[in-house]
1. Could you identify the single residue in A:L119, A:L94, A:L58 that is in the same structural domain as A:L220 (by TED's automatic domain parsing) and among the aliphatic types (A, V, I, L, M)?
2. Please specify each residue of segment A:164-191 satisfying the condition of being under 19 Å from A:V143 (Cα atoms) and small (G, A, S).
3. List the number of the failed condition for A:W63; all other conditions in (1) within 20 Å of the chain's Cα centre (by Cα); (2) at pLDDT 90 or above; (3) of a type in the set (F, W, Y) hold.
4. Evaluate segment A:85-101: report whether one residue or more is under 21 Å from the mean Cα position of the chain (by Cα), within 26 Å of A:D212 (Cβ to Cβ) and within 14 Å of chain B (Cβ to nearest Cβ).
5. Which residue pairs have Cβ atoms closer than 9 Å, lie 6 or more positions apart in sequence or on different chains, and pair a first residue in segment A:227-242 that is under 25 Å from A:Q110 (Cα atoms) with a second residue that is at pLDDT 95 or above and hydroxyl-bearing (S, T, Y)?
6. Pick out the one residue from A:L172, A:L205, A:L154 that is farther than 24 Å from A:L265 by Cα, within 14 Å of chain B (Cβ to nearest Cβ) and in contact with a helix residue (DSSP H, G or I) (Cβ under 6 Å, 6 or more places away or on another chain).
7. How many of the residues making up segment B:28-42 are assigned to a loop (DSSP other than H, G, I, E, B) and at the interface with chain A (Cβ under 7 Å from one of its Cβ atoms)?
8. Based on this model, can you work out whether A:T85 counts as within 20 Å of A:L16 (Cα to Cα), surrounded by 13 or more Cβ atoms within 10 Å (Cβ to Cβ) and touching a helix residue (DSSP H, G or I) at 6+ places or on another chain (Cβ under 6 Å)?
Amino acid sequence: MITAILNVFITIYQRLALWGEALVSLGYLLFGGARALAAGGVGDFFLKAGTQRRAFALLRGLWPNLSISRVVMKCYDNTGTAVVTRRADVVDVLNRNADFEVVYGTRMRQLTEGDNFFLGMQPGWDYTRDTSAMRLAARMTDVADIVQPRATALADRIVADSGGTIDIVPALTLEVPWDMTDTYFGCGGTREHMQQWTTTLFWYLFQDLGADAEKGAIALGQAAELRDYLDAHIAARKASPTDAPDILNRCLALQSSDTPGMSDLGIRNNLLGLLSVRSRRFPRPAAL
Amino acid sequence: MDELLNRPDALATAQKAARADDDALLAQHCWEALRFNPFNPVLYRRATHDT
């Protein structure tokens, strides 16, 4: 009984707080937007993370599920966009897989020039096959046993050799992820190429919301280069096996035991997908 | 880094954690900073039918 009465007051307080936050945000957006407009930087103002947080606070209070009946996200097949802003609604959408599908399948098939990658799949046999196989290849314990010790040792060495001054992006935060690509994934290629391929493909999958035709063509060209590299690299590894405890060798071990999804093509597509979606640590390439 | 640089107090405690080799506390600073500027602030889904 007391809890029920308390909930009434809590609900009223939460609703007032929501509206209050929305009104403060509206004021911030109007005042800040006008100032940015006068200074000629309105685009930059609305791209700032702080501005976007205010915009979402405004929506949560006044238009929690804003529907836009025209195509805004040109990279995905759609007829309109609904912006869902409240936590409970967002969780609801994310939990209803059959009603709200993941969107990456179409572009993932373009990158592989064929099959989907598990990130773009709905729950089902293909998804279960690929995630199960790749969880055997990239083991849960690898983070503590391989990735962390290797990254720590490498980072310690780079910092120790820096002489007290370091250009952190090229020297450290680009080097360590590429080293993981090379030593843990077992397919690093050359650092310059791998960074460019994977960064471009990540952008194409996740950030090309306006479907830029020119840059999209660059991305598909680089996807072809990455496919060619991986196909040749897998063939070379099979011709000259190693005993390195990397993901490629584990995939090939699964292939030799007839694990579903672990054909050469399946391994290549899974590696291509993993490399592309993990590249967020790399900056956008100059070509884009 | 932007979010920590915008908050000198948080940057100072992050640096202190790093110098003390307290990875857990440093990680807390990083994750908290990411909340202010997530790399991918919007998740997309496609509705398969009218809702």
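1. Details: A:L94 fails: in the same structural domain as A:L220 (by TED's automatic domain parsing); A:L58 fails: in the same structural domain as A:L220 (by TED's automatic domain parsing).
So the residue among A:L119, A:L94, A:L58 that is in the same structural domain as A:L220 (by TED's automatic domain parsing) and among the aliphatic types (A, V, I, L, M) is A:L119.
2. A:G186, A:G188, listed by residue number.
3. So the condition that A:W63 fails would be (1).
4. The answer is yes; a qualifying residue exists.
5. If the second residue must be at pLDDT 95 or above and hydroxyl-bearing (S, T, Y), the pairs left are A:R227/A:T112.
6. Details: A:L205 fails: farther than 24 Å from A:L265 by Cα; A:L154 fails: within 14 Å of chain B (Cβ to nearest Cβ).
Sole residue among the options that is farther than 24 Å from A:L265 by Cα, within 14 Å of chain B (Cβ to nearest Cβ) and in contact with a helix residue (DSSP H, G or I) (Cβ under 6 Å, 6 or more places away or on another chain): A:L172.
7. Restricting attention to segment B:28-42, the residues satisfying the condition of being assigned to a loop (DSSP other than H, G, I, E, B) are B:37-42.
From the residues that got through so far, the ones that are at the interface with chain A (Cβ under 7 Å from one of its Cβ atoms) too are B:37, B:39-41.
Total meeting the criteria: 4.
8. Numbers: within 20 Å of A:L16 (Cα to Cα): yes; surrounded by 13 or more Cβ atoms within 10 Å (Cβ to Cβ): yes; touching a helix residue (DSSP H, G or I) at 6+ places or on another chain (Cβ under 6 Å): yes.
So A:T85 fits the description; yes.
The values are calculated or read from the model by the stated rules, or taken from the named source; none is laboratory data. Please read all numbers here as calculations on a predicted model, not as lab measurements. A quick note on method: Cβ atoms are made from the backbone with ideal geometry, for glycine too, and the neighbour counts reach across all protein chains shown.
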